[in-house]
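Chemist: Structure provided below as structure tokens; questions to follow.
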2 protein chains.
Amino acid sequence: MNRIITIGREFGSGGRELGKRLSDLLGCAYYDKEIIEEIAKRTQLAESYVQQIVEQRTGVFFPITIGRTLHHVHHTVGTDYMLKQYTSVYTEQANVLREMAEKSDCIIVGRCADYILKSHKPLRIFVYADMDSKIERCKLKAEKDENLTDTQLRKKIIKINKNRAKYYEYYTGKKWGDRSNYDLCVNTSAVSVKECAEALAHMLEQR
Amino acid sequence: MNRIITIGREFGSGGRELGKRLSDLLGCAYYDKEIIEEIAKRTQLAESYVQQIVEQRTGVFFPITIGRTLHHVHHTVGTDYMLKQYTSVYTEQANVLREMAEKSDCIIVGRCADYILKSHKPLRIFVYADMDSKIERCKLKAEKDENLTDTQLRKKIIKINKNRAKYYEYYTGKKWGDRSNYDLCVNTSAVSVKECAEALAHMLEQR
């Protein structure tokens with residue numbers, strides 16, 4: 001069985017950086033954006049739209065209440081259609097992840113991969129950080145024309161993480177970030193992403 | 001400042017073993033039972049009684065409601081006396097921990113050390129495991145004459161961990177085992193205590 005590492009992560013905590021560093025150190029595949037591209041191809045939806053669905057960005061109609069109360073609501077063509085799109089994106093996401101896991105050792109960031117790939121017994125990592133540290137990281141990574149105040153950044157971080165939690169809970173029935181769903185949880189406020197990646201690589205190389 | 005590592009742990013998860021292994025690898029002090037001995041000396045209470053207080057074993061009168069509602073309850077000499085003992089144990093525990101932290105690098109298991117020593121900026125580890133794995137570990141460690149069934153062990157584990165959670169919450173106001181209180185949370189069901197200790201030692205040696 002291939003070695004699969006899944007990384008769940010709070011927005012602003014450095015989870016992607018950890019994934020990239022680990023894949024460099026271990027010399028294995030790293031999947032993040034590629035998943036979206038592949039889903040877009042298969043569902044024939046635009047990449048940006050798939051991205052919106054899996055990240056639940058602002059302004060996107062949220063399907064949780066529809067999904068949960070399917071037999072109670074009075075359906076309109078619109079909600080049915082949206083629901084179908086969301087479901088097909090999730091289904092294709094699961095297919096894509098399984099194919100990736102069967103191809104080779106790999107690291108997968110986000111996408112409920114810890115849950116979808118559980119039969120592959122992945123090493124499930126969750127990366128988080130204190131709020132101040134997340135704000136700091138967002139500032140360092142911000143585009144030049146993005147000029148958010150700390151308060152705005154805090155709101156943005158809370159919102160994105162709330163959506164990630166909802167998405168994860170909707171599709172897995174489990175609580176996002178709850179330690180029982182992971183093998184290792186790393187707070188990148190005190191332990192740097194670099195040293196965490198090196199310690200993990202060291203550990204995995206001994207296995 | 002000395003390097004302090006605190007280890008919070010679910011009963012049955014191997015937290016003590018992790019502490020011991022780390023202290024062997026890093027060559028630093030390891031405190032566990034020594035804390036109880038020192039508190040007993042200072043409070044002039046029996047070690048076994050101090051142990052009961054800090055572990056909230058079965059049959060021990062639990063002070064949380066008293067502490068919380070101090071000015072509402074009708075006091076009896078008994079509860080006043082108990083409360084005083086509990087408080088002095090906690091106070092001495094804090095003193096002992098601070099002295100240990102100031103003496104040398106050290107690893108401290110349990111005792112709300114992550115909270116009490118926060119000004120020392122400890123590396124705060126929390127060790128946990130799936131229930132089946134905790135039951136398995138308890139069986140391996142059981143005394144020869146202890147013959148508990150899985151159901152009995154499960155109950156024992158839940159009870160002890162519930163008490164640890166209450167104790168931690170009472171003295172720190174924080175949720176025991178909540179990832180935000182720790183730098184690293186390790187699930188010893190998938191990652192062995194040995195490899196976790198080695199990875200951590202490797203990381204700390206690079207610092």
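The values are calculated or read from the model by the stated rules, or taken from the named source; none is laboratory data. As the structure is a prediction and not an experimental result, all values here were calculated from the model. Cβ atoms come from the backbone with ideal geometry, glycine included; neighbour counts cover every protein chain shown.
Chemist: Take the range A:35-58 and flag every residue that is free of Cβ contacts under 8 Å to residues at least 24 places away in the same chain and charged (D, E, K, R).
Modeler: Those that are free of Cβ contacts under 8 Å to residues at least 24 places away in the same chain and charged (D, E, K, R): A:E37, A:K41, A:E47.
Chemist: Just checking, how many residues over the range B:117-149 are surrounded by fewer than 16 Cβ atoms within 10 Å (Cβ to Cβ) and of a type in the set (V, I, T)?
Modeler: Here the count works out to 1.
Chemist: From the list A:I39, A:I64, pick out the single residue that is modelled with pLDDT of 90 or more and farther than 30 Å from A:S192 by Cβ.
Modeler: Testing whether each residue is modelled with pLDDT of 90 or more and farther than 30 Å from A:S192 by Cβ leaves just A:I39.
Chemist: Same structure, new question: Of B:L204, B:L200, which residue is more than 20 Å from the chain's Cα centre (by Cα) and crowded, with 17+ Cβ neighbours inside 10 Å? It would help to see each step written out before you state the result.
Modeler: Details: B:L200 fails: more than 20 Å from the chain's Cα centre (by Cα).
Of B:L204, B:L200, the one residue that is more than 20 Å from the chain's Cα centre (by Cα) and crowded, with 17+ Cβ neighbours inside 10 Å is B:L204.
Chemist: Given the condition modelled with pLDDT of 95 or more, within 16 Å of the chain's Cα centre (by Cα) and surrounded by 15 or more Cβ atoms within 10 Å (Cβ to Cβ), answer yes or no: does some residue in the range B:150-157 qualify?
Modeler: Yes, that holds for at least one residue.
Chemist: Return the pair list, or none, for Cβ contacts closer than 7 Å from residues in the range B:106-133 that are free of Cβ contacts under 8 Å to residues at least 24 places away in the same chain to residues that are not β-branched (V, I, T), at least 6 apart or on different chains.
Modeler: B:I116/B:A94; B:I116/B:L97
Chemist: What number of residues within the range B:172-192 satisfy the criterion of being in a helix (DSSP H, G or I) and within 7 Å of another protein chain (Cβ to nearest Cβ)?
Modeler: Going through the range B:172-192 one residue at a time, the tally reaches 1.
Chemist: Additional query: Name the residues in the range A:127-143 that are within 11 Å of chain B (Cβ to nearest Cβ) and either farther than 22 Å from A:Y168 by Cα or not in a helix (DSSP H, G or I) (or both), would you? Talk me through it step by step, then tell me what you get.
Modeler: The initial filter retains those residues of the range A:127-143 that are within 11 Å of chain B (Cβ to nearest Cβ), namely A:127-131.
Correct list: A:V127, A:Y128, A:A129, A:D130.
Chemist: How many of the residues in the range A:149-164 are within 13 Å of chain B (Cβ to nearest Cβ) and hydrophobic (A, V, I, L, M, F, W, C)?
Modeler: Residues in the range A:149-164 being within 13 Å of chain B (Cβ to nearest Cβ) and hydrophobic (A, V, I, L, M, F, W, C): 0 in total.
Chemist: Okay, moving on. Against the definition (of a type in the set (K, R) and buried (at least 19 other Cβ atoms within 10 Å of the Cβ)), how does A:R98 come out, yes or no?
Modeler: For A:R98, the condition - of a type in the set (K, R) and buried (at least 19 other Cβ atoms within 10 Å of the Cβ) - is not met.
Chemist: State all residues of the range A:84-95 that are touching a residue at least 24 places away in the same chain (Cβ under 8 Å) and under 17 Å from A:E55 (Cα atoms); if no residue qualifies, say none.
Modeler: Passing the criteria: A:Q85, A:Y86, A:S88, A:V89, A:Y90, A:E92, A:Q93.
Chemist: Go over the candidates B:E169, B:E195, B:E146, B:E205 one by one and state the one that is away from every other protein chain (no Cβ under 14 Å), in a helix (DSSP H, G or I) and of a type outside the set (F, W, Y).
Modeler: Working: B:E195 fails: away from every other protein chain (no Cβ under 14 Å); B:E146 fails: in a helix (DSSP H, G or I); B:E205 fails: away from every other protein chain (no Cβ under 14 Å).
The conditions single out B:E169.
Chemist: Consider the range A:74-126. How many of its residues are farther than 19 Å from A:L45 by Cβ, among the polar types (S, T, N, Q) and not in a loop (DSSP other than H, G, I, E, B)?
Modeler: 1
Chemist: Next question. Quick check, is B:A197 touching a Leu at 6+ places or on another chain (Cβ under 8 Å), modelled with pLDDT of 95 or more and of a type in the set (G, A, S)?
Modeler: Numbers: touching a Leu at 6+ places or on another chain (Cβ under 8 Å): yes; modelled with pLDDT of 95 or more: yes; of a type in the set (G, A, S): yes.
So B:A197 fits the description; yes.
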